[in-house]
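Worksheet for the structure shown next.
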Amino acid sequence: MTFVVAIDGPAAAGKGTLSKAVAAHFGFAHLDTGLLYRAVAAKVLAGADPVQAARTLDAVDLEDGTLRTPRVAQTASEVAVIPDVRAALVTFQRQFAMRADGAVLDGRDIGTVICPQADVKLFVTASPECRAQRRFKELTDKGMDITYDTVLADVKERDERDRTRAAAPLVPADDAVLIDTSDLTIDAAVAAAIAVIDRAR
Ligand code: DC
């Protein structure tokens, strides 16, 4: 029996942390679908054609060490606008969702396009300032030389592009449960997500 948890939301809302914790709690597999777009972006930055890069994406491409940089994130948001890039990534995501041990997929369009029949849909959000603060800390902890204002501008630009694109824009599914993590600790956000999933099981 498959069980699918779709977790969508804007950049740096805490989807990754939440998804990993939920997957570990229930013993589900986890796919960070943003990594697929980031891997395509890394290839594009190295000179590849976006659609070709998406069509030939390989699991090892997801291990590229540069995928977490702001430059790759911005390019990921740009290539994610291209319908043929998105189309090339659908099968891999849907197959992942069919895993018998249960699956958590996080991204922007999981509950709306990739897995509209998901058993649980969460839409995780937080204020842009709060998300930028968290991302700023994450990047500076890694030793990156960057200002908070740059990170905030970056988050807002990506939000705007992700929300307004024609193909699979970032919008909560009608039946998604909203979790605003602005004033929640990680533990409280995880507990809220687990409670929603427990009810659905
Ligand atoms: O989740 P992330 O920040 O790693 O995602 C990087 C970009 O990839 C994001 O700005 C938009 C795109 N993306 C998408 O369009 N659809 C997804 N399911 C996941 C990510």
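Worth a mention:
- Between the stretch 61-75 and the stretch 16-40, the alpha-carbon centres lie 16 Å apart.
- Working note: 222 nm ellipticity from helices only, DSSP H runs with n ≥ 4, each -39,500 (n - 2.57), summed and divided by the residues of the chain, gives -16000 deg cm²/dmol to the nearest 500.
- For the stretch 169-201 and the stretch 108-162, distance of Cα centres in Å: 15
- The chain: C-alpha gyration tensor shape, a/c 1.5 cut-off, then a/b vs b/c: oblate
- Projected label points at residue 127 and residue 166, each 7 Å from Cα along the beta carbon direction, are separated by 3.6 nanometres.
- Selection from 72, 50, 62 lying farthest towards where the dipole of the stretch 43-90 points positive, charges on Cβ: 72
- Between the beta carbons of residue 74 and residue 95, assuming R0 = 25 Å, the FRET efficiency works out to 0.30 to the nearest 0.05.
- The string of couplings for the stretch 105-120 from the Karplus curve (6.51, -1.76, 1.60, θ = phi - 60°) is 10, 10, x, 10, 10, 5, x, 9, 10, 6, 10, x, 9, 3, 5, 9 Hz, one whole number per residue in order, with x for Gly and Pro.
- By accessible area, using a 1.4 Å probe on protein heavy atoms only, the chain has 55% of its surface on carbon and sulfur.
- Restraint check, 15/156; 20/121; 20/43; 121/142, Cα-Cα greater than 24 Å: 20/43; 121/142
The values are calculated or read from the model by the stated rules, or taken from the named source; none is laboratory data. The model shown is predicted, which means the values in this text are computed figures rather than measured ones. With ideal geometry, Cβ positions are generated from the backbone for all residues, glycine too; neighbour counts draw on all protein chains shown. Accessible surface areas use protein heavy atoms only, side chains included; no ligands, DNA or RNA. Shrake-Rupley method; radii C 1.70, N 1.55, O 1.52, S 1.80 Å.
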